[in-house]
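As structure tokens, the structure follows; a few thoughts come after it.
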Amino acid sequence: MSLRELSRIALFTALISALAQISIPLPFSPVPLTGQLIAVFLAGMLLGSKNGTFAVLVYLMLGAAGAPVFSHGQGGLGILLGPSGGYLLGFLPGVFICGKLLEKHQQPVILRTVAAMLCCLGCTYLAGTVHLALLMGYGFAEAIVAGILPFLPADLAKIAFAATAGLRIKRSIAAAGLLMKSEPGGG
């Protein structure tokens with residue numbers, strides 16, 4: 001792995017950590033609304049499946065080790081075992097699938113990008129809702145009401161933002177000749 005790749009992984013780990021601090025507690029759900037999904041979507045799109053997954057994995061490992069990278073400056077293994085833990089762990093398959101779906105195509109387009117990010121969101125919701133249901137003793141409908149419905153409008157807006165911004169960033173990087181041949185979207 002090159003120094004350039006390691007630097008990008010570190011940058012996205014920091015971005016996920018920073019956007020996790022944009023956190024709004026919801027009175028009807030034990031899980032807060034955060035901004036970190038934007039960075040997860042962008043990691044999959046701009047870093048690809050392998051490096052995007054590494055960025056999320058480093059974020060989760062830092063948080064599990066106690067670094068204050070989770071929402072509200074929290075850290076520790078207890079967060080991964082708590083109500084938000086399934087969503088956080090769901091970022092791993094989500095970013096991998098998002099990256100895999102997008103790295104095969106030279107020319108990124110909005111529909112493909114949105115579809116890949118929706119897959120990432122689906123993985124996050126699936127892992128998070130199952131974890132939340134098991135932890136809180138919710139039934140299927142209760143888990144959806146507490147773990148998906150309150151977040152869906154904001155998360156769809158995050159996809160719209162991340163897809164639009166990511167496409168602009170990717171085109172700018174490509175136009176500047178900053179993509180290496182082995183990178184997603186590289187020549």
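The values are calculated or read from the model by the stated rules, or taken from the named source; none is laboratory data. The structure displayed is predicted, hence computed values, not measured ones. Cβ atoms come from the backbone with ideal geometry, glycine included; neighbour counts cover every protein chain shown.
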Under 7 Å between Cβ atoms, at least 6 apart or on separate chains: pull out the pairs that start in the range 94-116 with a residue that is closer than 11 Å to L167 by Cβ and end on any residue that is of a type in the set (S, T, N, Q). L102/T113
So L149 ticks every box in (1) within 17 Å of L33 (Cα to Cα); (2) part of a helix (DSSP H, G or I); (3) not acidic (D, E) but one. Which box is left unticked? (2)
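Can you name the residue in the range 170-187 that is in a helix (DSSP H, G or I) and surrounded by 14 or more Cβ atoms within 10 Å (Cβ to Cβ) and, of all such residues, is modelled with the lowest pLDDT?
First, the residues of the range 170-187 that are in a helix (DSSP H, G or I): 170-175.
Within this subset, residues satisfying the condition of being surrounded by 14 or more Cβ atoms within 10 Å (Cβ to Cβ) are 170, 173-174.
Values: K170: 89, I173: 84, A174: 80.
The residue in question is A174.
Take L156 and decide whether it is surrounded by 20 or more Cβ atoms within 10 Å (Cβ to Cβ), out of contact with any strand residue (DSSP E or B) (no Cβ under 7 Å at 6 or more places or on another chain) and assigned to a helix (DSSP H, G or I). Let's see the steps before the verdict.
Values: surrounded by 20 or more Cβ atoms within 10 Å (Cβ to Cβ): no; out of contact with any strand residue (DSSP E or B) (no Cβ under 7 Å at 6 or more places or on another chain): yes; assigned to a helix (DSSP H, G or I): yes.
The answer is no for L156.
For every residue, the table says whether it meets (1) crowded, with 20+ Cβ neighbours inside 10 Å; (2) without any contact (Cβ under 8 Å) to a residue 12 or more places away in the chain; (3) under 16 Å from A162 (Cβ atoms).
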site	(1), (2), (3)
S7	no, yes, no
A20	yes, no, yes
P27	no, yes, no
V31	yes, no, no
L37	yes, no, yes
M45	yes, no, yes
V56	yes, no, yes
G63	yes, no, no
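Scan the range 57-97 for residues that are among the hydroxyl-bearing types (S, T, Y) and more than 16 Å from V31 (Cα to Cα) and report the count.
Narrowing the range 57-97 to residues among the hydroxyl-bearing types (S, T, Y): 59, 71, 84, 87.
Next, only the ones that are more than 16 Å from V31 (Cα to Cα) stay: 59.
Of the residues in that region, 1 qualify.
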So which residues in the range 83-100 are over 9 Å from the mean Cα position of the chain (by Cα) and part of a helix (DSSP H, G or I)? G85, G86, Y87, L89, P93, F96, I97, C98, G99, K100
